[in-house]
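The values are calculated or read from the model by the stated rules, or taken from the named source; none is laboratory data. Predicted model, so just to flag it, every value in this text is computed and none were measured. Don't worry about glycine lacking a Cβ; one is built from the backbone with ideal geometry, like all the others, and counts go over all protein chains shown. Ligands, DNA and RNA are stripped out before the accessible areas are found, and what is left, the full protein with its side chains, is counted by its heavy atoms. Shrake-Rupley method; radii C 1.70, N 1.55, O 1.52, S 1.80 Å.
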Amino acid sequence: MKPDFELDEEDRTQLIELALEARSHAYAPYSRFLVGASVLTQQGSLFHGCNVENASLGLTICAERVAMGSAISAGFQRFRAICVVSEGGVAPCGACRQFIREFGGDTVILLVDADERSLKKETTIGQLLPDSFSLKS
């Protein structure tokens, strides 16, 4: 699914800077893999989050879900874009892909390499999770 809007350079810059800042707060004493994320709602509001690990690794919360949960708790449920910052600029895990899909099949995903502080890839959730599961029409 192709997004019905284009992100401009200002949006990209804000999302990247906010996700980089969020990454600096990540709690990852076990993996040492720090991740920051930021989301831009359909209404133009920005939220951020970082990964939060736990000794019981299954209880770890990914940065993407922390950022989206923050926005959802503030009353926003549709997202234009999500930026994920990590070493190497990795894509969201499968659980996060499904979570993102729940709130928008056309959400733009920015993958940023934290070391280079640069955009590695711009894609959509539809491209990362084709033929995704949904109970919504």
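Remarks
- Using the Karplus relation 6.51 cos²θ - 1.76 cosθ + 1.60 with θ = phi - 60°, the per-residue 3J(HN,Hα) values for the stretch 44-54 come to x, 7, 10, 9, 9, x, 9, 6, 10, 7, 9 Hz, with x marking Gly and Pro.
- Considering only 81, 95, 71, the mean-square fluctuation computed in a Gaussian network model of the chain, springs between alpha carbons under 10 angstrom, is largest for 95.
- Those trypsin sites (Lys or Arg not before Pro) in the stretch 6-74 that DSSP places in a loop and that have at most 14 other beta carbons within 10 Å: 32
- Tail weight of P(r) past 15 Å, computed on alpha-carbon pairs of the stretch 1-70, percent: 55
- DSSP beta bridges in the chain [antiparallel fraction, %, rounded to 5]: 75
- Once all protein chains are placed together, residue 112 keeps about 0 Å² accessible to a 1.4 angstrom probe.
- Considered as an equivalent ellipsoid built on the Cα gyration tensor, the chain has semi-axes of 21, 17, 14 Å, the largest given first.
- Two-decimal Rg to Rh for the stretch 74-137 - Kirkwood Rh, Cα set: 1.00
- Within the stretch 10-137: Cβ-based charge dipole about Cα centre, in debye rounded to nearest 20 (Lys, Arg +1; Asp, Glu -1): 280
- Summed residue charge, Cβ within 14 Å of residue 10's Cβ, Lys/Arg positive, Asp/Glu negative: -3
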